[in-house]
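Structure first, commentary second.
Just so it is clear, none of the values below were taken in a lab; they were calculated from the coordinates. Computed from a prediction, not measured in an experiment: that's the story for all the values here.
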Amino acid sequence: MQQKDKLIMDIVRFLVLERTSTPLHQLRDGLQTLDVLTYIQEHYKAFKDLFVCQGNEKLTAEMMEVVFMDIKMSVPGSNRRRDEENIVGYWRDFLIDLQEDEDGEITLGDVLSFATGADCVPPLGFDPSPSITFLHDSGLFPKANTCSMELKLPVSEDFNTFKKNMTFGIANSPGFGLA
């Protein structure tokens, strides 16, 4: 039993400390080349906002539209494109409703977290940029891939159904963006 515990501790130590130490040392050495590291250490408060997502800035519907600017739509003139244009309108109205209803079941941060894994926009933005695609035939609820930062919106007949399904799907997804 002691050997098992020791093995587990050795594995954890390797995964957490040793595996990452070489890249971190290389980063440190690179920053030190032009004394950037020294300057960061001396003025760490000035650099904090560049490296750490504070979450102090309140998300707005407009910010969310900018974050999810990459909307992958079907061919212009197709029935799917017409439906997708309606859903984009519902999406924007949904974001505005979330912004205005601060006591609602979900927040804009919940939507961002559902799609990207982050509950605030990082200081340098997202890379790659989050995108929106559409679920024409595969379910009522939104889906997301947090690795590729792709939010898949359900195609609904009306705004109330869209809002209800988006809210339920996001509120009841325990992790990794799948309702």
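Computed from backbone phi with θ = phi - 60° and the Karplus coefficients 6.51, -1.76 and 1.60, the 3J(HN,Hα) list for the range 128-135 is x, 5, x, 10, 10, 10, 10, 9 Hz; x is used for glycine and proline.
Rounded to the nearest 10 degrees, the angle from helix 2-13 to the longest Cα principal axis of the chain is 70 degrees. Per the Kirkwood formula applied to alpha carbons, the range 2-51 shows a radius of gyration over Rh ratio, Rg over Rh, of 1.24. Taking the inverse of the mean 1/r over every pair of distinct Cα atoms in the range 81-179 gives a Kirkwood hydrodynamic radius of 13.5 Å. Of the options [x] -1.05, -1.20, -1.34; [y] -0.78, -1.05, -1.64; [z] -0.85, -0.96, -1.29, only one is log10 I(q)/I(0) by the Debye sum over Cα atoms at q = 0.14, 0.16, 0.20 Å⁻¹ as computed from these coordinates, and that is [z]. Between 0 and 90 degrees, the angle of helix 159-171 with respect to the longest Cα principal axis of the chain falls at about 30 degrees.
Rounded to the nearest 10 degrees, the angle from helix 19-33 to the longest Cα principal axis of the chain is 80 degrees.
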